[in-house]
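Visitor: There's a structure below that I have some questions on.
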Amino acid sequence: MKKNVLKKPILYSIYGILAVSFFGTVFLIEGLNNKKDMAKKDDNYVTKSIFDDTVSVVAEENKMVKPYTDPEVKIVQNFYNYKDEAEKQQESIIYYQNTYMQSSGVSYGGKTGFDVVAVFDGTVTSVKKDETLGTVIEIKHSDNVTSVYQSLSDTTVKENETVIQGQIIGKSGESNLQKDLKDHLYFELLINGNAVNPEEYYNKALSEL
């Protein structure tokens, strides 16, 4: 009788150990699976927020463009530079009504009625017709930078209008000041009120002027 009494507690103990081991293994496997699922969710979340939805907050500043887009247009008269050779200086002189004047801008031609565009974003400060200069448009780009487009035959903007870089503002034409150039655009760039050679500032940002 004593032998049977001893066997039952031993068997119960063995059964208990096996049960604990079984359920412990099950819980351990489920726990590992849950961790894997959570890791997958976290991975997806991190991947989406860092890579998929990344938006650049640094805007590249526009560079100054030429006041025309037609590749056939070329320089027909240069800006007058006192440092240039005498021959080039002579070619940059405007003769009008028995008066010689230094060219404070660059004249572009070679094509009839080509599109004239804004060199930067800005606000149109003036649109007027002048008997000597033809139709003239002035655009203010910043407190110290202004562009002037002369000898236009047609305009597509009005005073106080906001324009964007590259927007067509008119077409080339003729002026009494430079009749010998026929159809052309006379373009001036003013920095702090002083005329500078535009050819030296193309592809520069407004902040560099």
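Each reported figure results from applying straightforward, stated rules to the coordinates on display, with no laboratory input. Bear in mind that the values here come from a model prediction, so they are computed numbers and not experimental data. Heads up, the Cβs are rebuilt from the backbone with ideal geometry, glycines too, and the neighbour counts pull from every protein chain shown.
Visitor: Can you tell me the Rg and Dmax of the stretch 74-208, counting just the alpha carbons, in angstroms?
Guide: In order Rg, Dmax, the Cα atoms of the stretch 74-208 give 14.4, 42 Å.
Visitor: Which residues does the label zone of ASN81 cover in the stretch 173-192, counting backbone N under 18 Å from a point 7 Å along Cα→Cβ?
Guide: Answer for this model: 187-191.
Visitor: Working out 0.36 nm times the residue gap between ASN62 and GLN90, then minus their Cα-Cα distance, what length gain in nm do you get to one decimal?
Guide: Details: separation 28, 0.36 × 28 = 10.08 nm, distance 3.46 nm.
Result: 6.6 nm gained on full extension.
Visitor: Output needed: percent of Cα pairs per 5 Å distance bin for the stretch 141-209, bins running from 0 to the one holding the longest distance.
Guide: Taking all Cα pairs of the stretch 141-209, the binned fractions are 3, 14, 22, 23, 22, 13, 3, 0 percent.
Visitor: Mind ordering 93-104, 158-169 by average Cβ neighbours within 10 Å, highest first?
Guide: On the way: 93-104: 12.2, 158-169: 14.5.
The densest-packed peptide leads the list: 158-169, 93-104.
Visitor: Right, next: In 5 Å bins starting at zero, report the fraction of Cα pairs in the stretch 108-156 per bin as a rounded %.
Guide: 5, 20, 29, 24, 15, 6, 1
Visitor: Take the stretch 154-193, compute every pairwise Cα distance, and split them into 5 Å bins from 0; I just need the percent in each bin.
Guide: Going from the shortest bin to the longest, the percentages are 5, 18, 19, 24, 20, 13, 2.
Visitor: Then there is this: Taking the Cα centre of the stretch 66-127 as the origin, how large is its charge dipole in debye, to the nearest 20, when only Lys and Arg (+1) and Asp and Glu (-1) carry charge on their Cβ atoms? Don't skip to the end; give the middle numbers.
Guide: Details: 5 positive and 8 negative charges, 13 e Å.
Magnitude of the dipole: close to 60 debye.
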